[in-house]
Amino acid sequence: RFRAHRRGIFFGGRGLRRNQTRTRPNALETREIARAKAKMSLSCTALRRGPLVGSPRASPARNDLRSRRNFAIRANTGKIAVGDTAPDFELIAGGFVNVKLSDHKGKKVVLAFFPCAFSGAVDDGCQCQLEALKDLTDAGVSVFGISRDQPFAQKAWMEKLGNPALQSLCDWSMDTCESYVGTFNFGEFLDGVGVSSGLAGYVTSNRGCIAIDESGKVVYKWVALDDAGKSHPGFLPNIDEVKKALGM
């Protein structure tokens, strides 16, 4: 039975008035809370192990959205794994030169992903990471730095590095970064360590390194993570490991 009352709506003479606060969850709310906790548990498991087959996170669009929201929980390290054929891409280098990965098939290739150029004292790792690759370019390896910085900045960045054999590429959409090493909220990281305030939402590539052999197979993959498995730009790849993976 329903009956209206000027102070609220009652069901069978019982129930809550319109502005009354419920102190205990009803059965529906209890089920919703349990479902939310189950989803959270599944999400945390999937964050550690990857998307489960048939799970909602198997959808690429939803996976991309959640990876950007949950960067602080886990590292989104990209879909590419050692043994995979490296997917082709075409990006613009400093000076607006188009570079295609497939044009370098038959050669050893190293992709050096970094958060951003000219990070200076905030993150000297970006410059150190790329300068350390000179031994590889001297040995004839095709080496490409990749970040979301625009081609204007990439050209100045290449000049600063002083290695004509190393091209730095603009991945403005970050599709290539997402595929190979994943992305993270660099702005929120900088806010968290006190370098900036209000920069949260500035998403960049993870620091990472990919080595590809002459057949186009990925033979080495490294992404900068801390002990908790979270993205952290304060680490550098081991160049000796890269050389070993390439048979050098």
Beyond 19 Å (Cα-Cα) in this structure, taken from K79/K230; K160/K243; K100/K155; K105/K217; K160/K244, we find K160/K243; K160/K244
Taking protein heavy atoms only, a 1.4 Å probe, and rounding to whole percent, the accessible area of segment 84-241 owed to carbon and sulfur comes out at 51 percent
Of 179-185, 158-164, ordering from highest average Cβ density within 10 Å down gives 179-185, 158-164
Taking 202-210, 89-97, 218-226 and ranking on average Cβ neighbours within 10 Å, highest first, one gets 202-210, 218-226, 89-97
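The values are calculated or read from the model by the stated rules, or taken from the named source; none is laboratory data. A quick note: this is a predicted structure, and the numbers were derived from the prediction, not measured. Quick reminder, even Gly has a Cβ in these numbers, built from the backbone with ideal geometry, and neighbours come from all protein chains shown. Surface accessibility is based on the protein's heavy atoms, side chains included, excluding ligands, DNA and RNA. Shrake-Rupley method; radii C 1.70, N 1.55, O 1.52, S 1.80 Å.
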